[in-house]
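Q: Got a structure for you, written out below as structure tokens; questions coming shortly.
Just so you know, all these numbers are worked out from the coordinates, no wet-lab data involved. Please read all numbers here as calculations on a predicted model, not as lab measurements. Every residue, glycine among them, receives a Cβ derived from its backbone with ideal geometry; neighbour counts consider all protein chains shown.
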Amino acid sequence: MRVQELLALTKEDIASDGSVITVKKAVKMAYRLPYLGTTKSEKGTRQIPISRRYQKYVRYLRENGGEPFI
């Protein structure tokens with residue numbers, strides 16, 4: 001997962017059980033200002049399965065993450 005995609009994640013992008021993260025946007029820069037845009041390519045839009053071992057951490061991030069970067 002690219003840093004720009006990670007910064008663009010919202011709780012809606014994470015399955016409630018923590019099993020999947022959906023990547024569909026990324027932070028981009030224009031004139032030194034960040035904005036939300038599409039992923040780097042069409043193949044960049046994807047679903048990332050999360051192994052059972054790490055799902056509790058992903059659920060924690062979904063429930064306790066901060067506000068969106070942008």
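Q: Quick one: count up the residues across segment 45-64 that are of a type outside the set (K, R), within 15 Å of M1 (Cβ to Cβ) and surrounded by fewer than 16 Cβ atoms within 10 Å (Cβ to Cβ).
A: Taking segment 45-64 as the starting set, the residues that turn out to be of a type outside the set (K, R) are 45, 47-51, 54-55, 57-58, 60-61, 63-64.
From what is left, the residues that are within 15 Å of M1 (Cβ to Cβ) are 45, 47-51, 54, 57-58, 61.
Narrowing further to those that are surrounded by fewer than 16 Cβ atoms within 10 Å (Cβ to Cβ): 45, 47-49, 51, 54, 57, 61.
Qualifying residue count, segment 45-64: 8.
Q: Further, regarding this structure: Can you tell me which residue within segment 5-42, out of those that are touching a residue at least 40 places away in the same chain (Cβ under 8 Å) and β-branched (V, I, T), is surrounded by the fewest Cβ atoms within 10 Å (Cβ to Cβ)?
A: Result: T10.
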